[in-house]
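Reading through the structure tokens given below for one structure.
The values are calculated or read from the model by the stated rules, or taken from the named source; none is laboratory data. Values in this document were obtained by computation on a predicted structure and should not be read as measured data. Positions of Cβ are generated from backbone atoms using ideal geometry, with glycine treated the same way; all protein chains shown enter the neighbour counts. Only protein heavy atoms, including side chains, enter the accessible area calculation; ligands, DNA and RNA are left aside. Shrake-Rupley method; radii C 1.70, N 1.55, O 1.52, S 1.80 Å.
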Amino acid sequence: MERKRGVLMEMRKMQAWRRLCLVMVLLMVGQGEGQLAENFYSSSCPNVEAIVKQEVSTKFSQTFTTIPATLRLFFHDCFVEGCDASVLISSPNGDAEKDSDDNLSLAGDGFDTVIKAKQSVEAACPGIVSCADILALAARDVVVLAGGPSFSVELGRRDGLISQASRVAGNLPEPSFDLDQLNSMFARHNLSQLDMIALSGAHTVGFSHCSRFANRLYSFSSSSQVDPSLDSDYAKQLMSGCPQNVDPSIAIDMDPVTPRTFDNEYYQNLVAGKGLFTSDEALFSDPSSQPTVTDFANSPGEFNGAFITAMRKLGRVGVKTGDQGEIRKDCTAFNS
């Protein structure tokens with residue numbers, strides 16, 4: 001009898017110990033996942049959002065390119081190494097993330113926007129706010145400046161310690177991707193098909209170099225020089241702006257209707273056969289994604305809500321928090 005009691009006591013102790021271990025694991029996981037917060041700087045730098053907004057607005061007043069350049073910079077940063085401002089690093093050897101072939105088309109105005117915002121934030125709160133958080137705030141602010149929806153930005157990211165051109169290839173969506181390829185790449189970052197379609201709506205502002213879609217105009221297939229999914233009038237418009245052997249620096253608006261407004265026109269263009277890239281056209285031509293495109297085309301509210309959700313999810317990709325990374329003094333250089 002005594003022996004049975006002893007065995008029962010030991011079993012209860014083991015069960016209690018397992019419960020305690022489980023609680024400790026859950027707490028540790030919670031610390032790793034829960035360090036981003038909208039009010040992260042409420043005590044240490046309470047005016048950070050106002051400071052960043054002012055700098056972004058000033059830059060926008062100088063050039064509209066600030067809008068698409070900053071938004072694209074955020075996407076490219078988060079998809080490589082996570083949202084850690086690694087794309088901002090400059091290397092004297094030309095081997096940083098920004099030097100990769102896939103990032104050479106990033107407009108300088110995006111970099112300039114974040115760098116100037118960081119300088120102003122440093123003047124008010126030295127050594128407190130990461131470049132990664134400033135980029136996330138600036139991405140939200142440019143959406144609002146272009147007429148898009150406002151949303152709260154989670155903060156608390158730290159700046160990454162790795163920025164290598166060799167780590168970029170294969171980690172950014174290509175204009176030739178089909179739906180499966182897009183879904184696969186976004187799924188790596190816990191982003192759903194709905195998130196991917198919503199984030200693609202960023203193509204409602206900005207521009208692209210002709211080389212990124214020239215194959216759809218001049219060498220699509222052996223049976224058709226022009227991609228037959230393109231609206232014929234739109235194809236002629238593209239040929240006019242991007243003749244064969246055009247200067248590689250020439251670029252055209254991705255949204256031919258309202259290129260300076262963040263709206264749902266992008267999806268209306270897809271329905272009308274006016275998607276610039278193969279990866280745009282695939283969203284409407286594929287039966288599994290077509291209903292979402294149609295919903296967004298018909299309802300600005302549906303698109304705005306999905307875009308906000310997707311941007312917040314994107315902002316959590318690969319973040320460094322706690323004692324990871326650093327708070328860069330200069331966004332273009334590691335502290336060391």
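What to note about this one:
- Conditions (1) open to solvent by 40 Å² or more (accessible area, probe 1.4 Å); (2) within 30 Å of Lys118 (Cα to Cα): number failed by Pro300: (2)
- Of all residues in the range 260-281, those satisfying the criterion of being open to solvent by 30 Å² or more (accessible area, probe 1.4 Å) and not basic (Lys, Arg) are Thr261, Asp263, Glu265, Gln268, Val271, Ala272, Thr278, Glu281.
- Condition met for Asp253 (at pLDDT 95 or above, within 30 Å of Ser150 (Cβ to Cβ) and open to solvent by 70 Å² or more (accessible area, probe 1.4 Å)): yes
- Screening Leu182, Leu194, Leu199, Leu172 for residues that are outside any strand (DSSP E or B) and open to solvent by 20 Å² or more (accessible area, probe 1.4 Å) leaves exactly one candidate, Leu194.
- Residue in the range 207-222 that is surrounded by fewer than 17 Cβ atoms within 10 Å (Cβ to Cβ), touching a Gly at 6+ places or on another chain (Cβ under 6 Å), within 26 Å of Asp141 (Cα to Cα) and touching a residue at least 40 places away in the same chain (Cβ under 8 Å) present: no
- Candidate set from the range 43-101 (those that are closer than 24 Å to Asp253 by Cα, free of Cβ contacts under 8 Å to residues at least 60 places away in the same chain and in a helix (DSSP H, G or I)); member that is least open to solvent (accessible area, probe 1.4 Å): Asp77
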